[in-house]
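These notes concern the structure reproduced below.
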Amino acid sequence: MISDNLKSVTKRIAKCCERSGRPEEAVKLVSVTKEADIEEMRAAILAGVTDIGENRVQDAVFKHKAIGDSVIWHLIGHLQTNKAKDAVRIFSLIHSVDSIRIAEAIDKEARKIGKVQEVLVQVNTSGESTKFGVHPEDVDNILRECALYGNIDIKGFMTIAPETSNPETVRPYFRALNELRGRIRTSRGVDYGALSMGMTGDFEVAIEEGATIIRIGRAIFV
Ligand SMILES: *Cc1c(COP(=O)(O)O)cnc(C)c1O
């Protein structure tokens, strides 16, 4: 079941990449296991999953104990400073840096264990008040601050589009994140390459708009 789902998602990614003239290796699939139990996670890993996304640090601590470091762990949900220590211990990539305060906490905990923590800055491209993420106009500021932190390495940006039954309606938000990256490449002379965007309902549109990481839960773990 899970392996069939994974196969079908992988095929859709490949087709979409081909259609948009992008190499398949340009898009990394993160399998979101927030609704999955350990058994389902093991099945997914057996079927070829290499990257796991969890949105709560506490759940990840529990699951990490069982699964270990045979997979790459991604934190995709909001992070609180009091969870930074566990987050830095477990996750290879933290997608959800949305304040200078949390960046500082990550830097501090990473320094303690001699790690350079790779992160993405979460951007609220839609302006929805229910979403975490920094306002696009504040991204420059956060990048400037984070440049002072020796134990954080910013790899790019993440966004969550509003829920929709028609993925075309969220295309502008994905495009906005890609354009933001382009503007920063020009203004700061740094190419933050990673764009984490697209979920079960909208990942094909996200790939068309330049996603390099997509986060898929329901389509794999139904
Ligand atoms: C749950 C979640 C996903 C996966 O969503 P699906 O619709 O199940 O594919 C992706 N990103 C974030 C931040 C999530 O919380």
Report every pair of residues separated by at least 6 positions or lying on different chains whose Cβ atoms are under 8 Å apart, first residue within segment 187-212 and open to solvent by 50 Å² or more (accessible area, probe 1.4 Å), second away from the ligand (no atom under 11 Å from the Cβ) and assigned to a strand (DSSP E or B). none
Residue check for ILE154: under 22 Å from LEU29 (Cα atoms) and assigned to a loop (DSSP other than H, G, I, E, B): no
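Report yes if ALA66 is crowded, with 17+ Cβ neighbours inside 10 Å and more than 13 Å from the ligand (Cβ to nearest atom), otherwise no. Break it down into steps so the answer makes sense when it comes.
Working: crowded, with 17+ Cβ neighbours inside 10 Å: no; more than 13 Å from the ligand (Cβ to nearest atom): yes.
Taking the combined requirement at face value, the residue does not satisfy it.
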Residues (of a type in the set (Ser, Thr, Tyr) and more than 13 Å from the ligand (Cβ to nearest atom)) located in segment 188-222: TYR192, THR212
So ILE160 clears everything in (1) part of a helix (DSSP H, G or I); (2) open to solvent by 40 Å² or more (accessible area, probe 1.4 Å); (3) under 27 Å from TRP73 (Cβ atoms) except one condition, right? Which one? (1)
Counting only residues in segment 69-99 that are away from the ligand (no atom under 16 Å from the Cβ) and charged (D, E, K, R), the one surrounded by the fewest Cβ atoms within 10 Å (Cβ to Cβ) is identified as ASP69
Pull out all pairs, ordered by first then second residue, where Cβ-Cβ is under 8 Å, the residues are six or more apart or on different chains, the first lies in segment 21-41 and is in contact (Cβ under 8 Å) with a residue 12 or more places away in the chain, and the second is assigned to a loop (DSSP other than H, G, I, E, B) and open to solvent by 90 Å² or more (accessible area, probe 1.4 Å). LYS34/ARG56; GLU35/ARG218
Within segment 1-19, restricting to residues that are surrounded by 14 or more Cβ atoms within 10 Å (Cβ to Cβ), under 21 Å from the mean Cα position of the chain (by Cα) and not charged (D, E, K, R), the one that is nearest to ALA66 (Cα to Cα) is LEU6
Criterion first (within 13 Å of the ligand (Cβ to nearest atom) and polar (S, T, N, Q)) does THR130 satisfy it? yes
So SER165 clears everything in (1) within 16 Å of the ligand (Cβ to nearest atom); (2) open to solvent by less than 50 Å² (accessible area, probe 1.4 Å); (3) among the small types (Gly, Ala, Ser) except one condition, right? Which one? (2)
In segment 38-58, how many residues are within 14 Å of the ligand (Cβ to nearest atom), under 13 Å from ILE220 (Cβ atoms) and either in a strand (DSSP E or B) or of a type outside the set (A, V, I, L, M) (or both)? 4
Against the definition (more than 25 Å from ALA44 (Cα to Cα), open to solvent by 20 Å² or more (accessible area, probe 1.4 Å), in a helix (DSSP H, G or I) and in contact with a strand residue (DSSP E or B) (Cβ under 7 Å, 6 or more places away or on another chain)), how does ARG144 come out, yes or no? no
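So in segment 23-37, with the set limited to residues that are outside any helix (DSSP H, G or I) and open to solvent by 50 Å² or more (accessible area, probe 1.4 Å), which one is nearest to the ligand (Cβ to nearest atom)?
Going residue by residue through segment 23-37, those that are outside any helix (DSSP H, G or I) are 23, 27-37.
In the following step, the residues that additionally are open to solvent by 50 Å² or more (accessible area, probe 1.4 Å) were identified as 23, 28, 34-35, 37.
Values: PRO23: 23, LYS28: 13, LYS34: 5, GLU35: 7, ASP37: 15 Å.
For segment 23-37, the residue satisfying everything is LYS34.
The values are calculated or read from the model by the stated rules, or taken from the named source; none is laboratory data. What you are looking at is a predicted structure, and each value in this text was computed from that prediction instead of being measured. When we count neighbours, we look across all protein chains shown, and the Cβ atoms used for this are built from the backbone with ideal geometry, even at glycine. Just the protein is used for accessible areas: all its heavy atoms, side chains included, with ligands, DNA and RNA removed. Shrake-Rupley method; radii C 1.70, N 1.55, O 1.52, S 1.80 Å.
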